[in-house]
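Engineer: Pasting a structure here, questions to come.
The values are calculated or read from the model by the stated rules, or taken from the named source; none is laboratory data. This is a predicted model, so every value here is computed, not measured. FYI the Cβ positions are ideal-geometry reconstructions off the backbone, even for glycines, and counts take in every protein chain you see. Ligands, DNA and RNA are stripped out before the accessible areas are found, and what is left, the full protein with its side chains, is counted by its heavy atoms. Shrake-Rupley method; radii C 1.70, N 1.55, O 1.52, S 1.80 Å.
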Amino acid sequence: MKRMFNLILFGPPGSGKGTQSEKLMARYGLKHLSTGDLLRYEISRQTALGKEAQNFMDKGQLVPDEVVIGMISSALDENPDAKGFLFDGFPRTSAQAKALDELLKLKKAPIAAMLALDVSEEELVKRLVKRGETSGRSDDNNEQVIRARIVEYHNKTAVVADYYKQFNKVVMVKGEGTIDDIFKRLCKEIDKRI
Ligand code: B4P
């Protein structure tokens with residue numbers, strides 16, 4: 001059997017992770033695991049986990065690590081035959097990164113690379129405000145909450161890249177331009193490693 005191929009798509013809110021993940025999973029057949037999508041699904045069903053998460057998400061704050069790590073651990077167990085995972089929006093803290101390493105150690109399938117989308121702050125805010133006009137997402141329809149998410153990113157999430165840098169796994173990719181151009185840049189980096 002071929003070894004599992006696991007990737008992290010990284011970047012601040014609005015950097016294009018969700019958008020590019022759709023295209024990447026279609027091209028490479030990886031199982032897409034977006035903690036944002038998993039949390040929104042829990043909220044839509046009004047589960048206990050969803051209700052807890054919503055309190056944090058509405059303020060632009062990160063959901064507690066143990067909640068998100070538990071969710072990812074279950075998702076990994078539910079997909080024993082996946083040929084690889086594309087992690088989108090996870091890990092978002094150092095504790096999540098360490099937990100992911102432990103989980104993947106059990107599967108003998110480490111992270112191959114972290115692709116980090118680089119986008120200016122003004123472009124991020126512009127994209128999210130625009131998405132807020134139609135998405136119905138409560139964390140997108142208020143510029144103050146959008147800015148709070150970006151602050152959370154700088155305070156808690158940016159360090160996750162440093163964690164993977166020590167293992168030489170971080171690849172910076174320009175995240176501005178057309179969606180297709182960014183997709184081509186990502187594919188070029190993946191094709192070198194897959
Ligand atoms: P996420 O769902 O991960 O939300 P996001 O970071 O805003 O989205 P994403 O990055 O996927 O959006 P995209 O750029 O594709 O998280 C939401 C919340 O959930 C977090 O704030 C947190 O509270 C919680 N959460 C999630 N994971 C967590 C974790 N691990 N730990 C703790 N809490 C967690 O798209 C943005 C917009 O840009 C779209 O409208 C898109 O059309 C547009 N766009 C994309 N590419 C473009 C381009 N090239 N040009 C122009 N527009 C573009």
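Engineer: Using a Cα-Cα cut-off of under 20 Å, which aspartates and glutamates could be cross-linked to LYS98, ignoring same-chain neighbours fewer than 8 residues away?
Structural biologist: Cα-Cα hits under 20 Å: ASP65, GLU66, ASP77, ASP88, GLU152, ASP162.
Engineer: Using 0.36 nm per residue, how much length does the chain from LEU106 to GLN61 gain when fully extended, once their Cα-Cα distance is taken away?
Structural biologist: Gain on stretching LEU106 to GLN61: 13.2 nm.
Engineer: List, largest first, the extents of the alpha carbons of the stretch 6-193 along their principal axes, each in whole Å.
Structural biologist: 40, 39, 30
Engineer: In whole Å, how far is the Cα centre of the stretch 22-82 from that of the stretch 86-149?
Structural biologist: The distance from the Cα centre of the stretch 22-82 to that of the stretch 86-149 comes to 11 Å.
Engineer: Size of the dipole of the chain about the Cα centre, Lys and Arg at +1 and Asp and Glu at -1 on the beta carbon, nothing else charged, in debye to 20?
Structural biologist: Values: 32 positive and 28 negative charges, 147 e Å.
So the magnitude is around 700 debye.
Engineer: Determine by what factor the alpha-carbon radius of gyration of the stretch 150-194 differs from 2.2 N^0.38 Å, reporting the quotient.
Structural biologist: Normalised by 2.2 N^0.38 Å, the Cα Rg of the stretch 150-194 equals 1.38.
Engineer: Express the accessible area of the chain per residue in Å², computed with a 1.4 Å probe while the remaining protein chains stay in the model.
Structural biologist: 53
Engineer: Positive end of the dipole of the stretch 6-193, charges at C-beta (+1 Lys, Arg; -1 Asp, Glu), about the Cα centre: which of ALA113, GLN61, THR134 has its Cα farthest in that direction?
Structural biologist: ALA113
Engineer: Give the average over all directions of the projected area of the C-alpha convex hull of the stretch 1-59, one decimal, in nm².
Structural biologist: Taking a quarter of the hull surface, the average projection is 5.5 nm².
Engineer: What part of the accessible area of the stretch 1-157, given as a whole %, is carbon or sulfur when the probe is 1.4 angstrom?
Structural biologist: Of all accessible area on the stretch 1-157, carbon and sulfur atoms account for 50 percent.
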